[in-house]
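Readers should treat all values here as calculations from the given coordinates under stated rules, not as data from a laboratory. Please read all numbers here as calculations on a predicted model, not as lab measurements. Using ideal geometry, Cβ is built from the backbone for each residue, glycine included, and neighbour counts are taken over all protein chains shown.
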Amino acid sequence: VSLSMPDAALTSIIRDTKQAGGVVVVRGFYGGSYGAFANRVRELFEEGDEVGISVDPRYFQAVGVKTVPTYAVISGEPTCDGFVCDPIRSDTLSGNISVAAALRLIADLGELAPLQAEAALKRLERGL
């Protein structure tokens, strides 16, 4: 994702991804600094909300993210030399859809991880 996405879409993706057992990854710090990043997260969530956001450009490169949001169910960790990463096997899709819709599509059409997507969808649905 990108922290410059619209608030409603971003908060929904972050909450639903956590509920499904996934991790939201951003390429770098919003506004170019940790302070701007932290302020943006505070704008989106109430104090005490449990949110998980990882800043890790390696995943963007390894999965081949070109647009956000991109949903990916991956197999393993990226293999990198510094910030140069080999492609990682994953089922991915991009677009302005919900986490649930993305997981349903990957569960139905994914080649690598449909069972993982189905399990994540069940976790999400139990929590809603």
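Looking only at region 3-12, which residues are in contact with a Phe, Trp or Tyr (Cβ under 9 Å, 6 or more places away or on another chain) and either surrounded by 13 or more Cβ atoms within 10 Å (Cβ to Cβ) or not in a loop (DSSP other than H, G, I, E, B) (or both)?
3, 11
Can we say residue 16 is acidic (Asp, Glu), loosely packed, with under 12 Cβ neighbours inside 10 Å and within 18 Å of residue 98 (Cα to Cα)?
no
Within region 26-128, considering only helices (runs of 4 or more DSSP H) that don't extend past its boundaries, which have at least 1 residues that are touching a helix residue (DSSP H, G or I) at 6+ places or on another chain (Cβ under 6 Å) and buried (at least 16 other Cβ atoms within 10 Å of the Cβ)?
Hits in region 26-128: 34-44, 99-109, 114-127.
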